[in-house]
Amino acid sequence: MQMNVSSVAAPRRKMSAPMRRFIRNKLAVLGAVVLLFFALAAVFAPWLASDPSAVSFTDLRAAPSRAHWFGADDLGRDIFARVVYGARVSLSAGLISVVMALLSGTAIGLIAGYLRGWVDDVLMRVVDAMLALPFLVLAIALAAILGPSLQNTMIAIAIVSAPVFARITRGEVLAQRERDYVQAAQALGAKDGRLILRHLLPNISGALIVQTSLAVANAILAESSLSFLGLGIQPPTPSWGSMLNAARGYLTDAPWMAFFPGAAIFLAVLAFNLLGDGIREALDPRGRTS
C-alpha cells in the first residue's frame, strides 16, 4: 500500500513543480491577475459600462466624477466605457493575430528544421529578410497596403510576428532531432508526420508558449500604434490607440483623455511580459525544484 501511494504521489509532485515555481514568482502572478481583470472586463463589458458611443454635448471633456469615473472625451463619451470596450479590441487583436502567427510560424519552422537542405535555406532566408525590418515599420506598411480595419490589422500583425516563431521552432527542432528519442523513433520506422506531431512538437512547446505570451504584448502594442495612426479599427468603435490619437489636442485641458487609455495599454503589455517571464522561469528545466 505504501508503494502505491508513493508511486502515485511522485508523478504528481513532478507535474506540479512548474506550477509551484510560477506561483512563487509574485510578479508573474500579478501579471496573471491583471490579465484576468482585463479579460473579465472585456467579457462583461455590457454589464460594466454604458454605451461607449453615446454622445453628450453637455459633458464635453468632463473631468472624472461619479457620473464619469474616467471623465468624458471631446464628444462627451464616457471614457470608462470606451476603455472597457477597448479591452475587447486590444485583447482579441493581440490573441487572434498571435495564434495565426503561431500556427504559420511553427509550421514553417518545423518544415525547415526537419527537412533542412535547400528547403531550410529558402525558408530561413525569407524569415531573415523579414526579421531584418523593424517590427512596427513592417506592420504599418502591411496595414497601409491592406487597408484600415481590425481584420487587416490582425493579418498584418500576424505576418510580422510569424518569423520569430519560425526561427525559434527551427532552432528547437534542430536541437531535438539529434536526441535519442528521435533516433529511436526513426529506427522503429516512425513516419515523418508522426515523428513531428507526436515527438518533436510536444518537446518544443515550452519555448513556443513563452514566446506566445511575449508576442501578445507586442501585438497589443502594435494594434494600439496602428489604431493611433488611423490604420486599425475605425471610429466609432473604441480602441485604446484611437483614444490616444483623439486626446492629442487636449493633453493640457483634459489629460484624463490620454491617461486612462495609455494606462490600460501600459498595464496590459506589462502584464503579458511579466506572465511570459514567469512561464519561462517555471518551464526552465534548470530552475530550482522543490
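Using the per-residue mean of other Cβ atoms lying within 10 Å as a proxy for protection, in what order, highest first, do the peptides 27-37, 46-56 fall?
Ranking the peptides 27-37, 46-56 by packing returns 27-37, 46-56.
Quick one: what are the phi-derived ³J(HN,Hα) couplings along region 65-81, Karplus 6.51/-1.76/1.60 with θ = phi - 60°, whole Hz, x for glycine and proline?
Karplus values, whole Hz, x for Gly and Pro: 7, 5, 6, 9, 4, 9, x, 10, 8, 6, 10, x, 7, 5, 5, 4, 5.
I need the phi-derived Karplus couplings for region 101-115: 6.51 cos²θ - 1.76 cosθ + 1.60, θ = phi - 60°, integer Hz, Gly and Pro marked x.
Whole-Hz 3J(HN,Hα) from phi for region 101-115: 5, 4, 5, 6, x, 5, 4, 4, x, 5, 5, 5, x, 7, 7.
Can you tell me the Rg and the Dmax, both Å, for the Cα atoms in region 20-120?
In order Rg, Dmax, the Cα atoms of region 20-120 give 21.1, 68 Å.
Determine, for GLU178, GLU172, GLU281, the number of other Cβ atoms within 10 Å of each Cβ, and report the residues in order from fewest to most.
If I rank by nearby Cβ atoms, fewest first, I get GLU178, GLU281, GLU172.
Using the Karplus curve 6.51 cos²θ - 1.76 cosθ + 1.60 with θ = phi - 60°, work out ³J(HN,Hα) for each residue of region 266-271 in order, rounded to whole Hz, and write x for Gly and Pro.
Residue by residue, region 266-271 yields 4, 5, 5, 5, 4, 5 Hz.
Binning at 10 Å from 0, report for region 167-243 what percent of all alpha-carbon pair distances ends up in each bin.
Reading upward from the zero bin: 17, 30, 18, 16, 14, 5, 0.
Please express the Cα-Cα pair-distance distribution P(r) of the chain as a list of whole percents, one per 5 Å bin, running from 0 to the bin with the greatest distance.
1, 5, 10, 12, 13, 13, 12, 10, 8, 6, 4, 3, 2, 1, 0, 0
Size of the dipole of the chain about the Cα centre, Lys and Arg at +1 and Asp and Glu at -1 on the beta carbon, nothing else charged, in debye to 20?
1200 debye
Between LYS191 and TRP47, what FRET efficiency follows from the Cβ-Cβ distance if R0 is 51 Å, with the result rounded to 0.05?
0.50
With unit charges on the beta carbons (Lys and Arg positive, Asp and Glu negative) and the dipole taken about the Cα centre of region 71-162, which residue among ALA156, SER97, LEU133 sits farthest to the positive side?
Of the options given, the answer is SER97.
Please give the FRET efficiency for ASP253 paired with ALA129, using the beta carbon to beta carbon distance and R0 = 41 Å, rounded to the nearest 0.05.
Once rounded, the FRET efficiency stands at 0.35.
For LEU174 and GLN151 in one chain, what is 0.36 nm times their gap in residues minus the Cα-Cα distance, to one decimal in nm?
Roughly 4.8 nm would be gained on extension.
Under a 10 Å cutoff between Cα atoms, tell me which one of LEU110, LEU174, LEU188 has the largest fluctuation in the Gaussian network model of the chain.
Of LEU110, LEU174, LEU188, the most mobile in the Gaussian network model is LEU188.
At 7 Å along Cα-to-Cβ for each site, give me the label-to-label distance between ALA184 and ALA63 in nm.
7.1 nm
Can you sort PHE272, PHE22 from fewest to most other Cβ atoms within 10 Å of each residue's own Cβ?
The fewest-first ordering by Cβ neighbours comes to PHE22, PHE272.
Neighbour counts of other C-beta atoms within 10 Å: give me ARG198, ARG88 arranged from fewest to most.
ARG198, ARG88
All of the numbers you see were taken from the coordinates with simple rules; none came from a lab. Note that the coordinates shown come from a computational prediction; the quantities given were computed from them, not determined experimentally. Here Cβ is always computed from backbone atoms with ideal geometry, including for glycine, and neighbour counts include all displayed protein chains.
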